[in-house]
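S.K.: I have a structure here, written as structure tokens, and I will follow up with some questions on it.
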Amino acid sequence: MIPLLTGIDRDHGLRSGLTGYLAAVSAAVGVGEESCTVDLGAPASGYIALDVRLRRHPGRDMALVWDERHGWAFAMETHSGEDLLVLAYLGGELVPGPSRVRGFVAAIRSAGGAAGEPVPPDLRGDRGALLDRLRHHRRPPWGRYLSRAG
């Protein structure tokens with residue numbers, strides 16, 4: 001017997017859903033897709049470089065990071081190239097709508113930065129549930145793009 005859904009199928013579903021979701025969120029926060037990266041490892045994660053400076057940290061670059069355990073976080077780049085410093089977690093749900101993420105960024109910008117210690121929420125579930133949440137963000141297969149161009 002051959003299973004109907006293979007690991008390759010799941011990886012493709014995760015890749016197309018997560019890249020589509022990051023594209024939607026990056027557009028909502030006002031940056032292009034070139035600002036995004038995806039890592040399909042365990043845990044799956046994404047990164048969006050922001051065109052944002054905070055009053056409390058004027059010389060630092062900011063980013064949004066997402067992973068399948070904690071959801072979205074607002075983070076600050078370090079000067080030493082070490083891991084990002086998380087300033088705040090959005091919490092609530094693993095795959096919130098892009099407008100909710102935009103509101104999260106706007107609130108941090110208006111406050112000039114997050115105060116207090118960030119506490120990572122535990123939002124993880126199984127990969128099947130994540131795939132379901134990302135399903136409506138999936139990008140069409142390459143063939144659809146190629147057929148339009150031809």
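S.K.: For the stretch 114-134, state whether one or more residues are at pLDDT below 85, surrounded by 15 or more Cβ atoms within 10 Å (Cβ to Cβ), closer than 15 Å to LEU18 by Cα and not small (Gly, Ala, Ser).
M.R.: Yes, some residue in the stretch 114-134 is at pLDDT below 85, surrounded by 15 or more Cβ atoms within 10 Å (Cβ to Cβ), closer than 15 Å to LEU18 by Cα and not small (Gly, Ala, Ser).
S.K.: Kindly provide the set of residues from the stretch 24-35 that are buried (at least 19 other Cβ atoms within 10 Å of the Cβ) and free of Cβ contacts under 8 Å to residues at least 60 places away in the same chain, ordered by number.
M.R.: SER26, the sole residue that qualifies.
S.K.: While we're here: List the number of the failed condition for TYR21; all other conditions in (1) modelled with pLDDT of 90 or more; (2) open to solvent by less than 20 Å² (accessible area, probe 1.4 Å); (3) out of contact with any His (no Cβ under 8 Å at 6 or more places or on another chain) hold.
M.R.: With respect to (1) modelled with pLDDT of 90 or more; (2) open to solvent by less than 20 Å² (accessible area, probe 1.4 Å); (3) out of contact with any His (no Cβ under 8 Å at 6 or more places or on another chain), TYR21 is out only on (3).
S.K.: Pairs, please: C-beta under 9 Å, at least 6 apart or cross-chain, first residue in contact (Cβ under 8 Å) with a residue 12 or more places away in the chain and in the stretch 94-105, second among the basic types (Lys, Arg) and part of a helix (DSSP H, G or I)?
M.R.: Hits for this filter: LEU94/ARG133; VAL95/ARG133.
S.K.: Out of everything in the stretch 135-150 that is assigned to a helix (DSSP H, G or I), at pLDDT below 85 and basic (Lys, Arg), what residue ends up being nearest to the chain's Cα centre (by Cα)?
M.R.: Here the residue is ARG144.
S.K.: Could you run through the stretch 83-101 and say how many residues are closer than 14 Å to MET62 by Cα and surrounded by fewer than 19 Cβ atoms within 10 Å (Cβ to Cβ)?
M.R.: 4
S.K.: If we scan the stretch 61-78, do we find a residue that is of a type in the set (Lys, Arg), open to solvent by 70 Å² or more (accessible area, probe 1.4 Å), under 30 Å from GLY125 (Cα atoms) and touching a residue at least 40 places away in the same chain (Cβ under 8 Å)?
M.R.: yes
The values are calculated or read from the model by the stated rules, or taken from the named source; none is laboratory data. Since the model is a prediction, treat every value here as computed from it, not as a measurement. Here the Cβ is made from the backbone with ideal geometry for all residues, glycine too, and neighbour counts use every protein chain on show. Accessible surface is based on the protein model in full, side chains and every heavy atom, while ligands, DNA and RNA are left aside. Shrake-Rupley method; radii C 1.70, N 1.55, O 1.52, S 1.80 Å.
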